Each structure stands twice: as structure tokens, then as C-alpha cells.
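Read through the structure below, which is laid out as C-alpha cells, and then see the notes.
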Amino acid sequence: AADALQQGQPLSFDPRKLYRGVGANAINMGSCTMIQFSVGGSLKKMVLGGEDRQLKTHEEMGTGIAAGVISALVGSPLELIMIQQQRKGGNSVETFKSIATPNNFLRGFIGAAVREGLWTCGYLSIPPIVRRNLREMYPDKFDSDAKARVPAALLGGLFACYLTQPFDTVKTCMQGDIERETYGTFTETAKKISQDGFTAFYRGATFRYGRMVCAVFMMDTLQQMVGPLLYPNAFK
């Protein structure tokens with residue numbers, strides 16, 4: 001729904017259209033999240049250098065942004081496949097064959113890299129910072145991580161969604177138009193969208209925010225539970 005609104009397309013609630021590209025999207029979400037967790041944990045360990053302390057705020061955010069940018073190398077091409085399927089139909093293999101050129105696969109990468117960097121910061125870095133501060137400042141009200149996790153997810157989702165939305169809109173429009181009939185380079189696409197006003201960059205933001213809050217809540221929970229089990233050395 002968000003991708004359709006970003007490209008100025010009519011919104012359809014036909015399940016056959018709503019679930020186009022779900023395979024590529026599932027692979028994208030799984031692989032990018034794996035990369036972000038792994039790289040983020042390794043970078044945090046590198047920054048700490050064996051010291052027994054918590055990361056500083058700028059260190060926490062910096063490692064999250066770096067992990068997200070790296071994951072875009074995988075995520076951007078997969079999203080290109082998903083968006084082309086959403087627009088034209090067909091399965092993932094057929095879509096891959098039709099767009100499998102270096103010129104196409106790198107289309108929208110800048111927007112994806114910025115978005116993934118800020119998004120990863122939003123779910124890997126912001127929630128732990130917010131949780132920690134809430135528990136330190138309001139120990140009676142937030143006497144457990146579970147209680148602090150909801151406001152942390154809301155703030156993390158807000159950060160991730162509204163800072164990344166303009167970049168995601170430009171990326172989506174570029175990847176939806178691989179023929180370059182309407183949208184050219186990143187800068188040209190941004191200028192084209194801005195002709196409809198600043199709010200045009202935030203088309204579909206409500207759908208993305210709802211999805212991100214749920215995702216941030218679940219990923220923050222999983223990071224705390226599963227991260228140390230999968231990558232014990234990175235979380236020492």
C-alpha cells in the first residue's frame with residue numbers, strides 16, 4: 001500500500017495485488033535483518049575493544065547506521081524485484097530475468113542505503129537508548145524492560161519512519177520506473193517529486209509507521225533475547 005501511494009498509483013485492496021512481491025520482500029527482510037544484527041553486533045564489539053561498559057549514544061547510533069548501509073547492498077536489488085512485481089505482476093524469477101543488469105540493480109541504491117542506515121539505527125540503537133534512559137529516570141514507572149519497550153518502539157518507529165520516508169519515496173519511484181520515462185537520477189527524481197510539494201515525500205507514511213512500530217517492538221525484543229545466543233562474542 002505504501003509503495004503504491006508513494007508512486008501516485010491507486011490503492012487496491014485486492015489480495016492478489018497486495019501480496020505481489022511478497023517472496024522477494026520476505027527474503028529481503030530476512031537477509032537484511034540478519035546482516036544488520038550480525039554487522040551491528042560485530043561493530044559494537046569493535047567499538048568497545050574489550051572494555052566492560054555500555055556504548056555511548058553516538059557509538060550506539062553510529063554502529064546502527066553503518067550496519068544498515070551495508071545491508072542495503074543486498075536489500076536494494078531485492079526491493080527492485082518486489083516493486084517491479086507490484087507494478088507489472090509476474091513471479092520473482094521472471095522479474096529477475098527481465099531486470100538483471102548492473103545498471104538496473106544499482107537503481108535507487110543511494111535512497112536505500114540512507115533509509116536502511118537510519119532505519120537500522122531506529123530499531124537497533126534508539127530503543128536500547130530510550131529503554132535505558134526511561135529505566136534510569138523513571139525507575140518506579142519503568143521497573144522492567146518490558147514496560148519500557150512500548151514507548152521505545154514508538155519513538156524508534158517514529159525516528160525510523162519520518163526521517164527515512166523522503167529517501168524511501170525517491171528510491172521507490174526510481175525503482176518503479178526502470179525505463180526512466182518519468183524519473184531519472186536520485187536528484188532528478190527528488191526534484192520531480194518536490195513539484196507536488198513537500199508532503200509528496202510523505203505519501204504512504206502512515207502505513208510505513210504502523211509497520212515500523214510493530215517491527216521495532218519485535219526486533220528490539222528479539223535482539224535482546226536472540227542476539228547474545230546467536231553471536232555471543234559480539235555481545236560480551
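Here is how the numbers come out for the structure above:
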read-out: Residues satisfying the stated conditions in segment 85-123, i.e. assigned to a helix (DSSP H, G or I), touching an Asp or Glu at 6+ places or on another chain (Cβ under 8 Å) and of a type outside the set (Phe, Trp, Tyr); value: Gln86, Gly111, Ala112, Arg115
read-out: Thr169 assigned to a helix (DSSP H, G or I), without any contact (Cβ under 8 Å) to a residue 24 or more places away in the chain and of a type in the set (S, T, N, Q); value: no
read-out: Residue list for segment 68-116, filter: within 19 Å of the chain's Cα centre (by Cα) and exposed (fewer than 15 other Cβ atoms within 10 Å of the Cβ); value: Leu106
read-out: Selection status of Ile129, in contact (Cβ under 8 Å) with a residue 60 or more places away in the chain and in a loop (DSSP other than H, G, I, E, B); value: no
read-out: Selection count where residues are open to solvent by 60 Å² or more (accessible area, probe 1.4 Å) and either acidic (Asp, Glu) or outside any helix (DSSP H, G or I) (or both), scope segment 51-67; value: 5
read-out: Residue in segment 134-143 that is closer than 22 Å to Arg211 by Cβ, open to solvent by 40 Å² or more (accessible area, probe 1.4 Å) and either touching a residue at least 12 places away in the same chain (Cβ under 8 Å) or outside any helix (DSSP H, G or I) (or both) present; value: no
read-out: Test: Gln36 is surrounded by 14 or more Cβ atoms within 10 Å (Cβ to Cβ), within 16 Å of the chain's Cα centre (by Cα) and more than 28 Å from Lys97 (Cβ to Cβ); value: yes
read-out: Looking only at segment 178-236, and only at residues there that are modelled with pLDDT under 90 and β-branched (Val, Ile, Thr), the one that is most open to solvent (accessible area, probe 1.4 Å); value: Thr206
read-out: Some residue of segment 119-130 being open to solvent by less than 10 Å² (accessible area, probe 1.4 Å) and in contact with a Cys (Cβ under 6 Å, 6 or more places away or on another chain); value: no
read-out: Failed condition for Gln6, given (1) surrounded by 13 or more Cβ atoms within 10 Å (Cβ to Cβ); (2) out of contact with any Lys or Arg (no Cβ under 7 Å at 6 or more places or on another chain); value: (2)
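Every residue, every condition in (1) modelled with pLDDT of 90 or more; (2) hydrophobic (A, V, I, L, M, F, W, C); (3) farther than 20 Å from Glu116 by Cβ, yes or no:
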{"position": "Gly49", "(1), (2), (3)": "no, no, yes"}
{"position": "Gln54", "(1), (2), (3)": "no, no, yes"}
{"position": "Thr63", "(1), (2), (3)": "yes, no, no"}
{"position": "Ala66", "(1), (2), (3)": "yes, yes, no"}
{"position": "Ser71", "(1), (2), (3)": "yes, no, no"}
{"position": "Gly75", "(1), (2), (3)": "yes, no, no"}
{"position": "Leu80", "(1), (2), (3)": "yes, yes, no"}
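The values are calculated or read from the model by the stated rules, or taken from the named source; none is laboratory data. On a predicted model such as this, the values are computed, not experimentally measured, just so you know. We place every Cβ from the backbone using ideal geometry, glycine too, and count neighbours over all the protein chains shown. Surface accessibility is based on the protein's heavy atoms, side chains included, excluding ligands, DNA and RNA. Shrake-Rupley method; radii C 1.70, N 1.55, O 1.52, S 1.80 Å.
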